[in-house]
Amino acid sequence: MASIINASTSSGIVQTADTSGVLQLQTASTTAVTVDASQNVGIGTTSPGSKLEISNNSSGNYVVSAITNLSSTGYARQLFNIGSSGANGQADISYAPGLFFTIGPSANDTTTPIVFRNNNATERMRIDSSGNVLMGTTVVNSTGGFAFNANGGTPDIRIGHPTGTSSGTWYASFLYNASSIGSIAQNGTTAVLYNTTSDYRLKNDVTPIENALSTISQLNPVSFTWIDGRKDDGFIAHELQEILPNCVTGEKDAVDKEGNPKYQQMDSSGVIPFLVKAIQEQQTLIVSQSELINNLKARIETLEGAK
């Protein structure tokens, strides 16, 4: 038996005296809404398992469950569960104040990815069960996509070009004020090029390098061992900075606000123009000395022939 009670406050109560404690709303002799004895509300289902459960058919597919799990403080932990009635294929929207907000497969689903689609359900990005973030592809090693590869805790970034991509096509582009200042580009089918902008239209006051041989002579190439034990050869950043400051960023012995080292960094490719110019200067000296030697030899031969 059901009753409708009007209180003096003009509020109303719809209640049931059914021994099962279930309240149902029906149309055309079909149950549309069910409220069970635990005050769970079901739409499209007569046995809701959460505070709000919506199902599109009797098989339980495409179930939406709202506020299925409350913390001890009363805040919603799991806000929604969307998917089939089985374990796999479900998705959770969860929230814990000050801790996290998550969207993803249910906790016991270890295989289903999170997929993002648009443009008539075209897949654009996914996060797979290994934590890899994939764009334009569904696998880490692709022939035409971009992947943040979780790689078991040693992550890397992978960019794939499909077969037939022309040499010079960018893998990465670096911009300043919407203009390209560098790139990493495909070089044939077996290598890459690391490029920095060097167009003549970006340069003024172009003059030859002078005294390159003297500059190179001041450099101190050294062999050394890194603190991780790896042996290497090169320059010491602050020493190179004194001779070629454009090759080094940062300052010697710099630290951050917490006192942690801010290590200097170096691009030794800036040494190359001076090496080239130094070779040219040496070649000029070699040619001049060769001419001088030849002249001296000719004079000696002339003097000896006159005896």
message = Checking Asn177 against (1) touching a helix residue (DSSP H, G or I) at 6+ places or on another chain (Cβ under 6 Å); (2) on the phi > 0 side of the Ramachandran plot, only one condition comes out false. Which one?
response = (1)
ask   = Of all residues in the stretch 199-235, which are surrounded by 12 or more Cβ atoms within 10 Å (Cβ to Cβ) and small (Gly, Ala, Ser)?
value = Ala212, Gly234
Candidate set from the stretch 142-161 (those that are part of a loop (DSSP other than H, G, I, E, B) and more than 15 Å from the chain's Cα centre (by Cα)); member that is modelled with the highest pLDDT = His161
key: Tally of residues being surrounded by fewer than 12 Cβ atoms within 10 Å (Cβ to Cβ) and farther than 22 Å from Ile236 by Cα across the stretch 260-298   = 16
key: Residue ID - nearest to Leu213 (Cα to Cα), chosen from residues in the stretch 236-255 that are in contact with a strand residue (DSSP E or B) (Cβ under 7 Å, 6 or more places away or on another chain) and crowded, with 17+ Cβ neighbours inside 10 Å   = Leu240
inquiry  = For the structure I just gave you, tell me whether Ser183 is at pLDDT 95 or above, among the hydroxyl-bearing types (Ser, Thr, Tyr) and in a strand (DSSP E or B).
reply    = yes
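The values are calculated or read from the model by the stated rules, or taken from the named source; none is laboratory data. Because the structure is a prediction, the values reported are computed rather than measured. All Cβ positions, glycine included, derive from the backbone under ideal geometry; neighbour counts span all protein chains shown.
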